[in-house]
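These notes concern the structure reproduced below.
No value in this document is a laboratory result; all are computed from the given coordinates. Being a predicted model, the structure only gives us computed values, none of them experimental. Positions of Cβ are generated from backbone atoms using ideal geometry, with glycine treated the same way; all protein chains shown enter the neighbour counts.
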Amino acid sequence: MGRTPLSMWRLARALRRAGTATELFGYVAAWQTVEQIVGRLRARLETMADGDYVVIGHSLGGLLLRAAVAALPPGIRRPHRIIMLATPNHSPRLAQRFEHAWWYRALNGDAGALLAHESRMAEIPHLDVPCTIIAGTRGVSGRWSPFGNEMNDGLLSVTETEMAGADEWISLPLRHPFIMNDAGVRELVKRRCLMGEASDERRET
């Protein structure tokens, strides 16, 4: 939301240098409904399903991937792993707070409405493929923070990223907008893409 596919360019370059072919997917949340975006994304995944592949989504992108993978027709190969970078898997409190603000509605469209309602979020099926969730913890906490004393990345609390059934959940001291550009995240993603490694621990810091 509010970004372009170029935001994932550095991560894609690192993967290409490691020998993995990459594709980027873009959308405009202000103009397209969630259903339209998910339909396009599902169609793109179907073109990639002739071999093993991994999908990576940042923020709302991870949520859209959850919906698109769930919508793949029977017999279509699922991704080997889904990696979600700072993805809201529960309705974020900031979306709920600003839901009725004109600028929030104008910038975020139907996707913004989705994020503001836990009931709509709950309609997105849980994953039937291995999943890695990476959450940031470098946001401000304390008396003046909308998150109180909860760890957060500036836009999401760590609890808002959690999802039942995820086999790997990692928290790192990073902020939401640029979590994909961190060198440690790039290395972790490369390992998951190239070898499918996953930690035996549910949480790492």
Full-stretch length increase - Thr22, Ala71 - with 0.36 nm per residue and alpha-carbon distance subtracted: 15.5 nm
Given contacts defined as C-alpha pairs under 8 Å and at least six residues apart, what's the relative contact order of segment 5-195, whole-number percent? 22
Which residue, chosen from Leu45, Ala14, Gly109, occupies the Cα position most advanced towards the positive end of the dipole of the chain, where the dipole is computed from +1 (Lys, Arg) and -1 (Asp, Glu) charges on Cβ about the Cα centre? Ala14
What 222 nm value per residue comes from the helices of the chain, counting each DSSP H run with n ≥ 4 as -39,500 (n - 2.57) and dividing by all residues, nearest 500 deg cm²/dmol? -10500 deg cm²/dmol
Relative to the Cα centre, what is the charge dipole magnitude of the chain, using +1 at the beta carbon of each Lys and Arg, -1 at the beta carbon of each Asp and Glu, and rounding to the nearest 20 debye? 660
Provide the gained length on full extension for the span Arg143 to Trp9, in nm with one decimal, where the gain is 0.36 nm per separating residue minus the Cα-Cα distance. 44.6 nm
